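Have a look at the structure below before the remarks.
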Amino acid sequence: MQIISTKIELTRQVAACVRQGKTIGFVPTMGALHEGHASLIRRACSENEVCFVSVFVNPTQFNNAEDLLKYPRDLEKDAELLASLGVHFVFAPTPEEMYSKEEMEQPFAFDFNGLDEVMEGKMRPGHFNGVVQVVSRLFDLVQPTRAYFGEKDFQQLAIIHHMVERSSMAGRFGELQVVDCPIVREASGLAMSSRNERLTEEEKQTAVAISQTLMASQEWAKSATVQAVQQRVVDSINAVEGLEVEYYEIVDKDTLQPTEKWANAVGCVTVYCGGVRLIDNIRY
């Protein structure tokens with residue numbers, strides 16, 4: 001496995017793979033890797049001849065400076081896991097390598113077709129601009145055949161699909177396939193996240209109530225309206241000491257707009273556990 005820190009070297013290695021006609025699997029990450037990431041990487045390695053992984057904490061998608069500062073980083077530990085999984089190349093650049101000074105200071109402009117106006121986009125203005133900025137740049141550099149993303153970040157995944165569809169129509173990413181991968185959960189049911197590292201053991205036990213409530217809501221949905229289930233989920237999670245719901249929205253999985261119908265519905269939640277912001281979702 002080779003760790004690459006510059007765009008020039010990355011481009012050179014990608015060009016060699018392309019010349020040899022090899023399929024490229026790609027998993028973009030922000031590091032602090034866990035079994036959820038590992039599941040994506042195993043699939044990328046098994047379905048492609050070469051696997052690239054990026055490890056980059058992207059500053060342009062953080063609208064909270066403290067959150068960026070606290071985000072866990074351990075490239076050495078991440079590299080050990082990646083090598084054990086059979087990854088061929090790791091791209092681990094600095095922010096200065098990825099962006100010019102102007103790019104760091106100016107918001108990235110993109111037409112989200114309304115996908116960024118709800119849920120995470122509403123709570124974190126500019127977040128998805130940064131996501132599209134970094135992912136589109138990584139796609140340009142790596143030229144993957146397939147790129148793998150987890151469904152835990154449901155809104156982000158919808159936006160990535162939208163970005164690729166628009167860009168591919170313009171001939172930018174060619175035949176790139178975005179592969180959706182199921183949420184990976186801890187034995188307790190808690191959705192795996194790099195942010196879980198910031199939870200105490202007691203907080204982890206408390207946070208299990210999030211997934212338990214979402215799973216219970218699938219049963220509630222059989223005999224109640226969308227509005228009733230939405231309120232019951234919020235009330236149930238807020239009743240747990242140490243948890244506070246920021247939002248719970250039941251939306252159409254394609255448009256991400258609030259829905260009153262159970263068909264095609266997804267429930268997306270963000271909950272504060274102590275000072276840690278956790279997200280999860282459930283399909284109905």
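Only the coordinates and a few stated rules stand behind these numbers; no lab work does. Computed from a predicted structure; not experimentally measured. Here the Cβ positions follow ideal geometry from the backbone for every residue, glycine too, while neighbour counts run over all protein chains shown.
Which ³J(HN,Hα) values, rounded to whole Hz and listed in residue order, are derived for segment 250-255 from phi using the Karplus coefficients 6.51, -1.76 and 1.60 in 6.51 cos²θ - 1.76 cosθ + 1.60 with θ = phi - 60°, glycine and proline given as x?
So the J values, rounded to whole Hz, are 9, 10, 5, 5, 8, 8.
How big is D for the chain, in µm² s⁻¹ as a whole number, if Stokes-Einstein is applied with the Kirkwood radius of its Cα pairs at 25 °C and 0.890 mPa s?
Once the numbers are plugged in, D ends up at 124 µm²/s.
Based on the Cβ-Cβ distance from Glu219 to Thr11, what FRET efficiency comes out when R0 is 51 Å, to the nearest 0.05?
Using R0 = 51 Å, I get an efficiency of 0.50.
Would you please give the residues with an amide H less than 5 Å from that of Ile4, counting only those at least 5 places away or on a separate chain, with H modeled from the backbone geometry?
HN-HN under 5 Å from Ile4: Val90, Phe91, Ala92.
Show me, for segment 115-123, the HN-Hα J-couplings you get by feeding each phi into the Karplus relation (A = 6.51, B = -1.76, C = 1.60, θ = phi - 60°), rounded to Hz, glycine and proline as x.
5, 9, 8, 10, 6, 4, x, 6, 7
Could you work out how far the C-alpha centroid of segment 190-204 sits from that of segment 88-143, in angstrom?
Each part's Cα centre sits 25 Å from the other's.
Counting other beta carbons within 10 Å of each residue's own, what order do Leu176, Leu75 fall into, fewest first?
Ascending number of Cβ neighbours within 10 Å: Leu75, Leu176.
Amide H to amide H under 5 Å from Val178: which residues, 5+ apart in sequence or cross-chain, H placed 1.01 Å off N in plane?
Correct list: Ala147.
Take the alpha carbon atoms of segment 236-284, find their center, do the same for segment 5-21, and report the distance between the two centers in whole angstrom.
That distance is 40 Å.
At 7 Å along the Cα-to-beta-carbon direction for both Glu260 and Asp140, put a label point, then send me their distance in nm to one decimal.
The two pseudo-label positions are separated by 4.5 nm.
Just to check I understand the Karplus step: with θ = phi - 60° and J = 6.51 cos²θ - 1.76 cosθ + 1.60, what whole-Hz values come out for segment 34-48, glycine and proline as x?
Result, ordered by residue: 9, 5, x, 4, 4, 5, 5, 5, 4, 5, 4, 5, 6, 9, 9 Hz.
Under 19 Å between alpha carbons, and skipping anything fewer than 8 positions from Lys204 in its own chain: which lysines qualify?
Hits, sequence-local ones excluded: Lys70, Lys152.
Tell me, what is the percent relative contact order of segment 194-283, built from C-alpha pairs under 8 Å that lie six or more residues apart?
29
With +1 assigned to the C-beta of every Lys and Arg and -1 to the C-beta of every Asp and Glu, and no other charges, what is the dipole magnitude of segment 138-275 about the Cα centre in debye, to the nearest 20?
The dipole magnitude comes to about 320 debye.
Using the Cα centre of the chain as the reference point, and only Cβ charges (+1 on K/R, -1 on D/E), how large is the resulting charge dipole? Debye, rounded to the nearest 20.
My answer is approximately 700 debye.
Need one word for segment 169-284: rounded, prolate or oblate. Basis is the Cα gyration tensor (sqrt eigenvalues a ≥ b ≥ c); a/c below 1.5 gives rounded, then a/b vs b/c decides.
Oblate is the answer for segment 169-284, as a/c is 1.5 or above yet b/c matches or exceeds a/b.
Mind checking which of Trp262, Gly242, Ala224 is farthest towards the positive end of segment 194-283's charge dipole, using Cβ charges of +1 (Lys, Arg) and -1 (Asp, Glu) about the Cα centre?
Sorting the options by dipole projection puts first Trp262.
Return the FRET efficiency for the residue pair Glu202, Asn63: r is the Cβ-Cβ distance, R0 is 25 Å, and the value is rounded to the nearest 0.05.
0.30
Taking neighbour counts of Cβ atoms within 10 Å as a proxy for exposure, in what order, fewest first, do Thr259, Thr213, Thr145 appear?
Ascending Cβ contact count within 10 Å gives the list Thr259, Thr145, Thr213.
Simple spin-label model, 7 Å along Cα-to-Cβ: Gln231 to Lys253 in nm?
2.7
What's the exposure ranking of Asp254, Asp153, going from fewest to most Cβ atoms within 10 Å?
The order, fewest Cβ neighbours first, is Asp254, Asp153.
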